[in-house]
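First up is the structure itself, then whatever we jot down about it.
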Amino acid sequence: MKAKRPTVRDVAREAGVSHQTVSRVINNDPHVAAVTRNRVLKAIELLDFRPNRAAQIMQTERSHTIEVVMPYYGFNRVLQDMAYAARQLGYHFIISTIGLEDFAETLQSARSRFIDGLVLIPLSPIIGSYEECLRLTDQVPFVQIGAPLGAYLPSVIYDQGQGSRLATQHLIDLGHREIAEISGPLNNFDGRARHESWLATLRENQLEPVMSVEGDFTIESGLASMNQLLDSGAKFTAVVVGNDVMAYSAHTALRMRGLCVPEDVSIVGFDNLTESAHFMGGLTTVHQDFSLMGRLAIEYIVGLIENPQTPVYQRVLSPKLVVRSTTCPPR
């Protein structure tokens, strides 16, 4: 049996004040003495009280919620498809953008925001386990987009290791033996998995890694990381890059040094962004269908909401290599 949540009257008894005073503190009424306010806040913390947002809205006639209303088209395609899938299944769709430091607090306040389910995109390890995450959300179901392969989490992911293996093996099969890397951030699920698979694929082919520089998935870090590789004096004929965005500026860095792609250095990106098909004749890259991930995540969370007995599982999608003009055999 789940413990009964504390009420405003419980807080009032603990603080030795009226329930009206507790309501005024919750609603930031300035006409409350500082000593009384502190006593109420301590009682709220002691009891782990979470205000009833519906009651607050009825009392103040304000929800303190800002909704972004915009047409589907012209916005991020993944969110567009997720919003469309949610509406097709009879659900509203809202977006919260937060910093990593606010992640746990946002989960804890989910029920007070009247959220039926959550789709989480944490990018890096934030919560220790599935059970801990459910505890934080007060049993509000969630699905995570992106997670370590094999994690016990309701999640939808691409096999990042497989993608990096495809990219690295493609270069090896072309005849490259000196292959460098510009990785994504290694504290990121995807960045770590791609890097480890790059290393493993080289070793499976009895090759030593030339050099790896850690980027952060931004266009600026692609430029800086390629310049770091070139300045190191390391000899390489090909580079596996952690995402397409960094690959674009890595290409720019090579061109600024008088080197040609792919004649001098072959490049493979990751993600297959829409722009990649048109970049300098087309970027060889690993394809992930982000729109599909988003739609599957929405279908999964709706299933958990409407059937709480749905078993926890991880939906794993397989990436594929798209070969274009930025790779060729070494010259």
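Throughout, read-outs are computed from the coordinates displayed, never taken from laboratory work. Since the structure is predicted, the reported quantities are computational estimates derived from the model, not experimental observations. Every residue, glycine among them, receives a Cβ derived from its backbone with ideal geometry; neighbour counts consider all protein chains shown.
What is the local net charge at Phe290, summed over the other residues whose Cβ is closer than 13 Å to its Cβ (Lys, Arg +1; Asp, Glu -1)?
Around Phe290, the surrounding residues sum to -3.
Are there any chymotrypsin sites (Phe, Trp or Tyr not before Pro) in segment 94-194 that are in a DSSP loop and have at most 14 other Cβ atoms within 10 Å? List them by number.
Those satisfying the criteria are Phe114, Tyr152.
Which FRET efficiency value, to the nearest 0.05, is calculated for Cys328 and Lys42 with the Förster distance at 51 angstrom and r the Cβ-Cβ distance?
According to the calculation, E is roughly 0.15.
Using label points projected 7 Å from each Cα along Cα→Cβ, tell me how many nm separate Val35 and Leu199, to one decimal.
6.1
Which residue fluctuates most in the GNM of the chain (Cα springs below 10 Å): Leu89, Leu254, Leu166?
Leu89
Could you calculate the contour length gain from Arg111 to Gln206, that is, 0.36 nm times the residue separation minus the distance between their Cα atoms, to one decimal place in nm?
Gain on stretching Arg111 to Gln206: 28.9 nm.
I need to check one value: relative contact order of the chain, counting alpha carbon pairs closer than 8 Å and at least 6 residues apart, in percent.
Computed over the chain, the figure is 17 percent.
Taking 7 Å along the Cα-to-C-beta vector as the label spot, tell me the Gln20-Glu131 distance in nanometres, rounded to one decimal.
4.6
Could you give the dipole magnitude of the chain about its Cα centre, charging the beta-carbon of Lys and Arg +1 and that of Asp and Glu -1, in debye to the nearest 20?
Using Cβ point charges on Lys, Arg, Asp and Glu, the chain gives about 960 debye.
Hey, what do the phi angles of segment 316-331 turn into as Karplus ³J(HN,Hα) couplings, whole Hz, using 6.51/-1.76/1.60 and θ = phi - 60°, x for Gly and Pro?
10, 9, 9, x, 9, 8, 10, 8, 10, 9, 9, 10, 7, x, x, 9
If the label point is 7 Å along Cα→Cβ of Glu220, which residues in segment 175-199 have backbone nitrogen under 12 Å from it?
Counting backbone N atoms under 12 Å from the label point, the list is empty.
Antiparallel as a % of all DSSP beta bridges within the chain, to the nearest 5?
Beta bridges within the chain, antiparallel portion: roughly 15 percent.
In the set (i) 1.22; (ii) 0.96; (iii) 1.10, which value of Rg/Rh (Cα atoms, Kirkwood Rh) was calculated from the structure you see?
Correct label, based on the coordinates given: (iii).
Would you work out which of His278, Val265, Ala250 lies farthest towards the positive end of the dipole of segment 246-331? Charges go on Cβ: Lys and Arg +1, Asp and Glu -1.
Of the listed residues, the answer is Val265.
What does the helix-only formula give at 222 nm for the chain: each DSSP H stretch with n ≥ 4 adding -39500 (n - 2.57), the total divided by the residues, and the result rounded to the nearest 500 deg cm²/dmol?
-13000 deg cm²/dmol
Please compute the modelled spin-label separation between Asn28 and Leu259, points set 7 Å along Cα→Cβ, answer in nm with one decimal.
Roughly 5.3 nm, to one decimal.
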